[in-house]
């Protein structure tokens, strides 16, 4: 189940600030499911983005298999006097192949602006990582009809000129839907994703036609099939439902049939 452009979907789980070593067991269950063929890994790329403390052991455990590992944030510089920060190069060294940048929780909790997100995406590209760039509107912005205006501004300011389908993924996560159990209608998602495809086409040219556009925001097994079938939705960025293997694999099941 892919868009008309036959783009291979990506389902990425963002563990956020959750998980200690005991959580590695859940990741192992996901690896077993992929190895067993029940989720048809040939049909979908699968990624887990754990806290930085778990990237290395997860990457070691996933070596030789189809499960991809990503980070949740990176600093714009490769190294330096930035206590507590992690560079994109460090993530790559630990075994990550991608990094989420511009998540709404980073934008809100840390005051990150579009220019900061763009710089982090450029850092990810510098380190050979795929940048998963997040965009999304708040409930207030949606209520007054600013959804597409906000998404357009964020795409213009957050996506680097050097972005391609090979090094960049865009994730639409309406802020009001994250962790709330609320989701936009399929028609709402289709409108935003079509707008993103068209806007990125103007920004980036032909490569936008095959760039993966993910939907995130209260994605779960019960709604994944409907959401993943929407035009221009090329997978999902999953939050809380990625913490338990059974829940996450239930979402992956949207690509079995």
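The values are calculated or read from the model by the stated rules, or taken from the named source; none is laboratory data. These figures come from a predicted structure and were not determined experimentally. In this analysis, Cβ positions are derived from the backbone assuming ideal geometry, glycine residues included, and neighbour counts consider all displayed protein chains.
What the table shows:
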read-out: Yes/no for residue 164 being in a loop (DSSP other than H, G, I, E, B) and either within 20 Å of residue 229 (Cβ to Cβ) or modelled with pLDDT under 95 (or both); value: no
read-out: Count of region 109-131 residues which are part of a helix (DSSP H, G or I) and without any contact (Cβ under 8 Å) to a residue 40 or more places away in the chain; value: 1
read-out: Lone unmet requirement of (1) surrounded by 14 or more Cβ atoms within 10 Å (Cβ to Cβ); (2) modelled with pLDDT of 95 or more; (3) out of contact with any strand residue (DSSP E or B) (no Cβ under 8 Å at 6 or more places or on another chain) for residue 59; value: (3)
read-out: Any hit, region 216-231, residues being assigned to a strand (DSSP E or B) and within 17 Å of residue 14 (Cβ to Cβ); value: yes
read-out: Residues of region 175-197 that turn out to be under 26 Å from residue 70 (Cα atoms) and either out of contact with any helix residue (DSSP H, G or I) (no Cβ under 7 Å at 6 or more places or on another chain) or assigned to a helix (DSSP H, G or I) (or both), as a count; value: 10
read-out: Residue within region 170-184 that is under 21 Å from residue 73 (Cα atoms), surrounded by fewer than 17 Cβ atoms within 10 Å (Cβ to Cβ) and under 16 Å from the mean Cα position of the chain (by Cα) present; value: yes
read-out: Failed condition for residue 193, given (1) free of Cβ contacts under 8 Å to residues at least 24 places away in the same chain; (2) touching a strand residue (DSSP E or B) at 6+ places or on another chain (Cβ under 7 Å); value: (1)
read-out: Some residue of region 83-93 being touching a helix residue (DSSP H, G or I) at 6+ places or on another chain (Cβ under 7 Å), under 24 Å from residue 241 (Cα atoms) and either crowded, with 18+ Cβ neighbours inside 10 Å or in contact (Cβ under 8 Å) with a residue 60 or more places away in the chain (or both); value: yes
read-out: All positions within region 43-56 that are surrounded by fewer than 19 Cβ atoms within 10 Å (Cβ to Cβ) and part of a loop (DSSP other than H, G, I, E, B); value: 43, 51
read-out: Any hit, region 208-219, residues being under 25 Å from residue 126 (Cα atoms), surrounded by fewer than 22 Cβ atoms within 10 Å (Cβ to Cβ), touching a residue at least 60 places away in the same chain (Cβ under 8 Å) and out of contact with any strand residue (DSSP E or B) (no Cβ under 8 Å at 6 or more places or on another chain); value: yes
read-out: Subset of region 198-211 (residues that are closer than 19 Å to residue 174 by Cβ and either within 18 Å of the chain's Cα centre (by Cα) or outside any helix (DSSP H, G or I) (or both)); value: 200
